[in-house]
Structures are given as structure tokens and as C-alpha cells.
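Heads up, the thing below is written out as C-alpha cells.
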């Protein structure tokens, strides 16, 4: 899902989940970038001493919904903006992850003007958290070794490659689906042509 949903044609992509953790409730330092301090899966501090340095390999329960059924995937109970995914979480959600997006100010205007009742109480306060200052290592009570571990170049390279691989896999799934649809249409056309040929011979 690399294309931002259009609020005119896909308004439900912005409808908040029944129960969610909003972007405005996430702690400072929450992210998957180098230097971020809070795991985006369990919402606990990263800890190099225990090997807890990357959210996609976190083995703890999800900090948003409390379950353990989507390790390595985005939680549908987390409600953040499209911008937050690209800036703080390093990739956009896949279509099978079922996430909703907190609307940015421009999108929110469109949704409210269209009369969606669930958009009435939403605000654009979420984006104020995107640029919030990160806590320091001392503030989080973590050793300096944690920061060094989080900033290893090979970790960043691995994460980028994994993201690209997942994007390619998603593209392949879409292409296979399109191929199946085309084959089905071709079979239908062949059947119609055969029917026309049989009628012509009568």
C-alpha cells in the first residue's frame, strides 16, 4: 500500500478502529529509526543488553492491543497518520494488515465536509507528535551501549532491504492477481466466441 488512500473514494481508510491507541498517546522516542528509544511493537524501551533492538523481531505482547498474533506486522489498533508511517515506522502498511489512518488536516476537512459522523470528533492534533523532541538516553534510563547498538549501519541496511523485499512481494501478489483476472476474462471471451461459432453453424 504505497499510494495514500483518497478520502473522496476511500473514506473508510480513515475511519478510526473501535478501540485504538492514537498517535497523540504514543510516547516520545517511539519509532523504528536510528536513535529511537521505544519499540513500536511492545512500546517498551529498546535494550541492547537483552537483544531487544528491532521491533520486527520483538517477542513481547503488542503494546497497543495486548495480543501476540501479529509479530513483525503493524497493529490495526494503532491509529496514526500516513506521514507517521513513512517518517517514524519506516514503511507503509500492507493491505492485509488492516490498518486505518488518522487523517491529516486537509483530509479531515474533506471527511467532515462529506458528513461522516465518525470524523466529527477527530482533530489534527496527531501531527503535533510527529515533530516532538526525542528523549535522551539519560531520560530513558538506558545505557549508552543501547544507542550504539541501535545505530549500527548494518541494522539500518538490513531494515531497508527487508522493506524493499516486502514491497516486491506485495507487487508480485498484485501481479499474480491481475494475471488470474486476465486469464479468467480470456476464458470467458473464448467461451463466447465458441458459442457464436456454434450458432453460426446451425
If the chain between residue 175 and residue 9 were fully stretched, how many nm would it gain, using 0.36 nm times the residue separation less the Cα-Cα distance?
57.5 nm
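In units of 2.2 N^0.38 Å, what is the alpha-carbon radius of gyration of the stretch 8-85? Mind dumping the intermediate values first?
Working: Rg = 13.3 Å, N = 78, 2.2 N^0.38 = 11.5 Å.
In units of the globular-protein estimate, the stretch 8-85 measures up at 1.15.
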How long is the gain from residue 34 to residue 197 if the chain were fully straight, where each residue apart is worth 0.36 nm and the alpha carbon distance is subtracted?
52.1 nm
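At a Förster distance of 41 Å, what's the computed FRET efficiency of residue 106 paired with residue 186, Cβ-Cβ distance as r, to 0.05?
Numbers: r = 42 Å, r/R0 = 1.03.
Approximately 0.45, to the nearest 0.05.
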In which sequence would 100, 190 go, from the one with the fewest C-beta neighbours within 10 Å to the one with the most?
190, 100
For 21, 196, what's the fewest-to-most ordering of other Cβ within 10 Å of each Cβ?
196, 21
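Please order 82, 102, 118 by the number of other Cβ within 10 Å, starting at the fewest. Don't jump to the answer; show the numbers that get you there.
Details: 82 19, 102 25, 118 12.
Listing 82, 102, 118 from fewest to most nearby Cβ atoms yields 118, 82, 102.
Throughout, read-outs are computed from the coordinates displayed, never taken from laboratory work. Quantities reported herein were computed from a predicted structural model and do not represent experimental measurements. Here the Cβ is made from the backbone with ideal geometry for all residues, glycine too, and neighbour counts use every protein chain on show.
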